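The next block holds one structure in the form of structure tokens; read it before the comments.
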Amino acid sequence: MAGFLTASSDRDICYGRSDFLNLTGPQVRRIDQASADLDASRVTYGCGTRLSFAQIAAIIPCFTPGTRIATPKGEKLATDLKIGDRVVTRDNGIRHITWAGQKTMNMQDLQISASMRPVLIRQGALGQGLPERDMVVSPNHRVLVVSEMAKLYFGESEVLIAAKHLTQMPGVSATNQPQATYIHFMCETHEIVLSDGAWTETFQPGDYSLQGIDADQRDELFLLFPELATREGLRRYRAARKTLHQSEAGLITTSG
């Protein structure tokens, strides 16, 4: 049975394995928390908008305008990439883009929750001069981290960490920009590509990330890849690396 909380100040909701949704204060009018299914819990905002926890958490992993992606012909702006273009991947050489889309979030979208704000990764914040220039990505966009600590804790030296879980590091922070355009593209498999000189992920379709794209883009994706409309098809589209949750990422980002 769902209960509710009346929100009068900022609150963090524990979501999944040590992840948190920051539901920012005055505009949050009511939180209906479903005990059986946290994803189905809903937040009602002062403007009347109602979103499920899953929708709030499902800010899709993507790039923003200005990000440069490595291709066989040199770097290319993410905004200029289209189906059929080739990109340089870490694991599989040159791969073709099989789908691309974008989504613009306005000020109201970004104010609904602090967890929706784009993350700025300053030049050099990832070490070894990377990224090569300031880079802005969506909060759930995952960055490849190569670390001996990852090998120690997780048995793999290369792991993926969401940008929002890198904000403990100097030079990485959420932004307060009034709007954001998120650009997403995918290949036949989940890939790691060079973006502004740093290795980050391509779009990985999943239950949550598919909720975060517009209906027409989702229909186009299902037309190209009908298997992604099924849970089994999504399961087969595996992540290129182990993805760390917030508490796990903290073992890497705060070490040393």
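The values are calculated or read from the model by the stated rules, or taken from the named source; none is laboratory data. Since the structure is predicted, the reported quantities are computational estimates derived from the model, not experimental observations. Because the Cβ atoms are built from the backbone with ideal geometry, glycine has one as well, and the counts that use them run over all protein chains shown. Accessible surface is based on the protein model in full, side chains and every heavy atom, while ligands, DNA and RNA are left aside. Shrake-Rupley method; radii C 1.70, N 1.55, O 1.52, S 1.80 Å.
Does A70 satisfy being in a strand (DSSP E or B), modelled with pLDDT under 90 and open to solvent by less than 50 Å² (accessible area, probe 1.4 Å)? Working first, answer last.
Working: in a strand (DSSP E or B): yes; modelled with pLDDT under 90: no; open to solvent by less than 50 Å² (accessible area, probe 1.4 Å): yes.
No: the conditions fail for A70.
Go through region 142-188 and give me each residue that's in contact (Cβ under 8 Å) with a residue 12 or more places away in the chain, among the hydroxyl-bearing types (S, T, Y) and either more than 28 Å from V87 (Cα to Cα) or in contact with a strand residue (DSSP E or B) (Cβ under 7 Å, 6 or more places away or on another chain) (or both). Explain how you work it out, then say what you get.
Let us first name the residues in region 142-188 that are in contact (Cβ under 8 Å) with a residue 12 or more places away in the chain, namely 142-147, 149-150, 153-154, 156, 158-188.
Add one more test, that the residue is among the hydroxyl-bearing types (S, T, Y), and what stays is 147, 153, 167, 173, 175, 181-182.
Hits for region 142-188 are Y153, T167, S173, T175, T181, Y182.
A search for C-beta distances below 7 Å between a residue of region 97-113 that is within 23 Å of T189 (Cβ to Cβ) and any residue that is at pLDDT below 80 and assigned to a helix (DSSP H, G or I), counting only pairs 6+ apart in sequence or on different chains, returns T98/L224; W99/L221; W99/L224; G101/Q217. Within region 244-256, the set of residues being at pLDDT 90 or above, more than 13 Å from K151 (Cα to Cα) and within 15 Å of the chain's Cα centre (by Cα) is empty. Among (1) open to solvent by 20 Å² or more (accessible area, probe 1.4 Å); (2) within 14 Å of L194 (Cα to Cα), where does L152 come up short? Failed condition: (2). Could you list all residues from region 83-109 that are part of a loop (DSSP other than H, G, I, E, B), within 20 Å of the chain's Cα centre (by Cα) and among the aliphatic types (A, V, I, L, M)? Passing the criteria: only I97. Does P205 fit the bill of being crowded, with 16+ Cβ neighbours inside 10 Å and assigned to a loop (DSSP other than H, G, I, E, B)? In short, yes. Each residue in region 82-99 was checked for being surrounded by 14 or more Cβ atoms within 10 Å (Cβ to Cβ), out of contact with any Pro (no Cβ under 9 Å at 6 or more places or on another chain) and modelled with pLDDT of 95 or more, and 5 of them qualify. Only residues that are under 11 Å from S195 (Cα atoms) and either open to solvent by less than 40 Å² (accessible area, probe 1.4 Å) or part of a loop (DSSP other than H, G, I, E, B) (or both) were counted in region 124-133, giving 3.
Selection of region 161-187 for residues being in contact with a Leu (Cβ under 6 Å, 6 or more places away or on another chain), within 18 Å of T200 (Cα to Cα) and of a type outside the set (F, W, Y) yields I161, V172, S173. Summed over region 166-189, the residues that are open to solvent by less than 20 Å² (accessible area, probe 1.4 Å) and touching a Ser or Thr at 6+ places or on another chain (Cβ under 7 Å) give a count of 7. Of all the listed residues (R133, R122, R117), the sole one being closer than 21 Å to V172 by Cα, among the charged types (D, E, K, R) and at pLDDT below 95 is R117.
Kindly evaluate I60 against the criterion of being surrounded by 15 or more Cβ atoms within 10 Å (Cβ to Cβ), touching a Gly at 6+ places or on another chain (Cβ under 7 Å) and at pLDDT below 80. Yes: the conditions hold for I60.
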